Amino acid sequence: MATKTELSPTARESKNAQDMQVDEVLIPRKVPSLCSARYGIALVLHFCNFTTIAQNVIMNITMVAMVNSTSPQSQFNGSSEGLPVDSFGDLNKAPKSLSAKAPVYDWSPQIQGIIFGAVGYGGILTMAPSGYLAGRVGTKRVVGISLFATSFLTLCIPLAADFGIVFLIVTRIVQGLSQCSVIGGQFAIWEKWGPPHERSRLCSIALSGMLLGCFSAILIGGFISETLGWPFVFYIFGGVGCVCCLLWFIVIYDDPTSYPWISTSEKEYITSSLKQQVRSSQQPLPIKAVLRSLPIWSICLGCFSHQWLVSTMIVYIPTYISSVYHINIRDVSMFPSLPFSCLHG
């Protein structure tokens, strides 16, 4: 039978003192989060996510102004300078006339659906590989180049629409490749910047920019379309993306050791926190266990259903409200943006 060894009070106190010393060595001294470099990185990522998602959804609100609903819903891409009325030609029930002059296109609902979904066609291919690529060549390069690409393509969308529907769809597909590279590649930065017990908070700060981007793009896009014309929606958000891209390349570094504006205490705090975690390279990836895991499949199903619902709301509510209730584009933009304002708050 095993016997339990009792420690004397002196030995017990000595052991507790040793344990406390070990804990003090293992647990790094926390530095303030206010005005820290790691939270500055999260804030810059917040603005980058804001810009990326805003550029993703502005087509959904500008489509109300881009499509000529007076003409038959033909299958070809033609342009005219007419103003939209309802499908029966009743001017009294038509949406309010747009103040700004801008090209209007004869796109059928099927063509509009392809334009809406073209971003997703490209995004499927780069969401997962972008994270792996960012871990290999650096998050700064992957996200920075992708952010510049999607911002430049956003500026080119009005020109692509004038060239034809094929050019517009191809531009949207390539834009989807870039946008999902920004979203998927950003998580690799927290491997070197995020202390394990702060990563959830840092990721929440960064990802909350997506909700703010949806809210702002839909709300502001309607006002810009009515006052300046729908092409200026792409010019403004594309220009904001270029500014964020410049900020990204100036401020962001792949690791805290090479960051020129970080304090010594914060650098030591981050590096000592990361040394305590188990390296992913030391653990094999359990692919078979992942594929057989019921909780993982439940998470995938929940995320798929949530994304389906959110995408349907973002994409089709502006067009639905405009065509069914005959509301002008400025007022149309207020309804889809309300859910995202509550989520961001």
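The values are calculated or read from the model by the stated rules, or taken from the named source; none is laboratory data. This structure is a prediction, so every number in the text was calculated from the model and none was measured. Because the Cβ atoms are built from the backbone with ideal geometry, glycine has one as well, and the counts that use them run over all protein chains shown. Please note that ligands, DNA and RNA were not included when accessible areas were found on the heavy atoms of the full protein model with its side chains. Shrake-Rupley method; radii C 1.70, N 1.55, O 1.52, S 1.80 Å.
Listed values, structure above:
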read-out: Largest-first ordering by accessible area, 1.4 Å probe, given options Met59, Met313; value: Met313, Met59
read-out: Gain in span if fully extended, Cys203 to Cys35, counting 0.36 nm per residue against the direct Cα distance; value: 58.8 nm
read-out: Accessible area per residue in Å² at 1.4 Å probe, computed on the range 177-283; value: 45
read-out: J(HN,Hα) series, the range 313-318, from Karplus relation 6.51 cos²θ - 1.76 cosθ + 1.60, nearest Hz, glycine and proline x; value: 5, 5, 7, 9, 4, x
read-out: Shape parameters for the range 110-253, alpha-carbon atoms, Rg then Dmax in Å; value: 16.1, 51
read-out: Unit Cα scatterers, Debye sum, the range 131-183: log10 I(q)/I(0) for q = 0.18, 0.28 Å⁻¹; value: -0.57, -0.96
read-out: Under 5 Å, built H, 5+ apart or other chain: amide partners of Ser36; value: none
read-out: Potential lengthening between Ile250 and Tyr320 on full extension [0.36 nm per residue; Cα-Cα distance subtracted]; value: 21.0 nm
read-out: Cα-only radius of gyration and Dmax that characterise the range 162-244, units Å; value: 16.5, 51
read-out: Accessible heavy-atom area order of Tyr269, Tyr253, highest first, probe of 1.4 Å; value: Tyr253, Tyr269
read-out: Cβ-derived FRET efficiency at R0 45 Å, Glu268 paired with Gln307, nearest 0.05; value: 0.65
read-out: Share of carbon and sulfur in the accessible heavy-atom surface of the range 173-258 [1.4 Å probe, %]; value: 76
